[in-house]
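Visitor: Next up is a structure, given as structure tokens.
Please treat every number below as a calculation from the coordinates, not as lab data. Because the structure is predicted, anything quoted here is derived from the model rather than measured. Cβ placement follows ideal geometry from the backbone for every residue including glycine, while neighbour counts extend to all protein chains displayed.
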Amino acid sequence: MEKIDNKVCNIIIDNSYKNFEENLKKQGNYDLVLIISDSNVYNSQGHEFIKHINARIVYEYIVSPGEDSKSLDTYEKIIEYCVRINLSRKSVIIALGGGVVGDLAGYVASTYMRGIDVIQVPTSLLAQVDSSIGGKTGINIGNFKNIVGTFYQPKFTYINVDSLKTLSEDEFLSGMSEVIKYSIIYDYEFIDYLIGNSESIINRESDKLYYIVKKCASIKAKVVEADEKEGGFRKILNFGHTFGHGVEKLCHISHGEAVSIGMNMAFKMALREGFIKEEYCNKFLEVCEKYSLPMNFENADEEEVLNIMKSDKKNSFSKINLVLPVGLGEVEVINTISEEKILGIIKESKNA
Ligand code: GLY
């Protein structure tokens, strides 16, 4: 077990759940524990996880897997359940699952009785390296993703990297796009590690999983510590997400796949603008190929992709904020690129 602690984040990395209780106890004496999870995660991890919680009253609320659970309707049902079981300010919510569960449970915890403690126990690669760290919570309203939410730090994030072994191949590989993201935004040497060790990472060898999750969680914690409420610097974490946002919604692909397509568009744009050299683009394509990540989209109208990008809540003064590579392991937020140029890149990225 290792800890990554700073002024904002408190992360524990482990390869089982066996040290969970010890860390829970340190937070105080909770009267009730409510585990929020989804049925897939709960069936594969729930039993093992609960074994490691001692002598407390434990309730569970299980939602359907998928983005549709991040809704006002599910939120309301969970709140009603919290009231029914007498969840109090002395209770704790544990989010056991991927990004959807983490965002939803975090939002419930941050608003129920004006805020009760929450602990994140991420089980997907995407959640372990990104969404469970840094305190963003949210639900979707209609087509607007995370339009309602809070910044609310979990008491701690407990990462059991071994839980990644039960993920489907597709889910694991799509999470690799978030891992690759960290090499582009912060740590160029990490890209060589990801290329050189791709076989053992894909085979989910324990030491490799531990290494990559720890590396990404440490970078995320540093970025969040520097800019908790996303005034500026934290925006670098959105690399690939602005372009990806449109295709994710329209093409019904996973978040990770959308991010890899979005990162590719950002690379194309940066090359076109002369911010980076072709060799860097090729290196990016090489690492994505190792993890079978998609580079282009299909079955969506290019103008509609642009319209969704324009509605992104992270834009300001009606300008699209693009996070673009500007050097090896370095990105910048740029909002001076015209819509016409952006549309041009979207068009180039559509499979005929
Ligand atoms: N997922 C991006 C962030 O936490 O800021």
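Visitor: With the requirement that a residue be part of a helix (DSSP H, G or I) and more than 15 Å from the ligand (Cβ to nearest atom), what does region 131-162 give you?
Guide: Within region 131-162, V161, D162 meet the criteria.
Visitor: Can you list the helices (runs of 4 or more DSSP H) found entirely within region 28-129 that contain at least 2 residues being of a type outside the set (S, T, N, Q), within 21 Å of I147 (Cα to Cα) and under 18 Å from the mean Cα position of the chain (by Cα)?
Guide: So the answer is 99-111.
Visitor: From the list C281, C288, pick out the single residue that is surrounded by 17 or more Cβ atoms within 10 Å (Cβ to Cβ) and either of a type outside the set (V, I, T) or within 12 Å of the ligand (Cβ to nearest atom) (or both).
Guide: C288
Visitor: Something else about it: Is it fair to say S168 is in contact with a Lys or Arg (Cβ under 6 Å, 6 or more places away or on another chain), free of Cβ contacts under 8 Å to residues at least 40 places away in the same chain and surrounded by fewer than 21 Cβ atoms within 10 Å (Cβ to Cβ)?
Guide: Judged against the criteria, S168 is not a match.
Visitor: Which one is surrounded by the fewest Cβ atoms within 10 Å (Cβ to Cβ) among residues in region 218-258 that are near the ligand (Cβ under 10 Å from one of its atoms) and among the β-branched types (V, I, T)?
Guide: Checked region 218-258; the qualifying residue surrounded by the fewest Cβ atoms within 10 Å (Cβ to Cβ) is I236.
Visitor: Could you look through region 1-47, keep only residues that are crowded, with 17+ Cβ neighbours inside 10 Å and either of a type in the set (D, E) or in contact with a Gly (Cβ under 6 Å, 6 or more places away or on another chain) (or both), and pick out the one that is nearest to E171 (Cα to Cα)?
Guide: V41
Visitor: Separate question: Would you check which residues across region 176-194 are of a type outside the set (A, V, I, L, M), farther than 17 Å from S218 by Cβ and surrounded by 24 or more Cβ atoms within 10 Å (Cβ to Cβ) and list them?
Guide: Listed by number, the list holds a single entry, S177.
Visitor: Is at least one residue of region 64-73 out of contact with any Asp or Glu (no Cβ under 9 Å at 6 or more places or on another chain), surrounded by fewer than 22 Cβ atoms within 10 Å (Cβ to Cβ) and polar (S, T, N, Q)?
Guide: Looking through region 64-73, at least one residue is out of contact with any Asp or Glu (no Cβ under 9 Å at 6 or more places or on another chain), surrounded by fewer than 22 Cβ atoms within 10 Å (Cβ to Cβ) and polar (S, T, N, Q).
Visitor: Of all residues in region 291-301, which are surrounded by fewer than 19 Cβ atoms within 10 Å (Cβ to Cβ) and not aliphatic (A, V, I, L, M)?
Guide: Within region 291-301, S292, N296, E298, N299, D301 meet the criteria.
Visitor: Does Q128 qualify as being surrounded by 14 or more Cβ atoms within 10 Å (Cβ to Cβ), closer than 19 Å to K18 by Cβ and within 16 Å of the ligand (Cβ to nearest atom)?
Guide: yes
Visitor: Cβ contacts < 8 Å: first residue closer than 21 Å to I13 by Cβ, restricted to region 108-133; second residue more than 16 Å from the ligand (Cβ to nearest atom) and of a type in the set (D, E), any location; separation 6+ or different chain. Result?
Guide: From region 108-133, the pairs are S124/E171; L125/E171.
Rundown of residues vs (1) in contact with a Ser or Thr (Cβ under 9 Å, 6 or more places away or on another chain); (2) under 14 Å from T157 (Cα atoms); (3) hydrophobic (A, V, I, L, M, F, W, C), yes/no style:
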site	(1), (2), (3)
R56	no, no, no
S69	no, no, no
L72	no, no, yes
V101	yes, yes, yes
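Visitor: Here's a follow-up. Restricting attention to region 265-298, report how many residues are under 25 Å from the mean Cα position of the chain (by Cα) and of a type outside the set (S, T, Y).
Guide: Of the residues in that region, 21 qualify.
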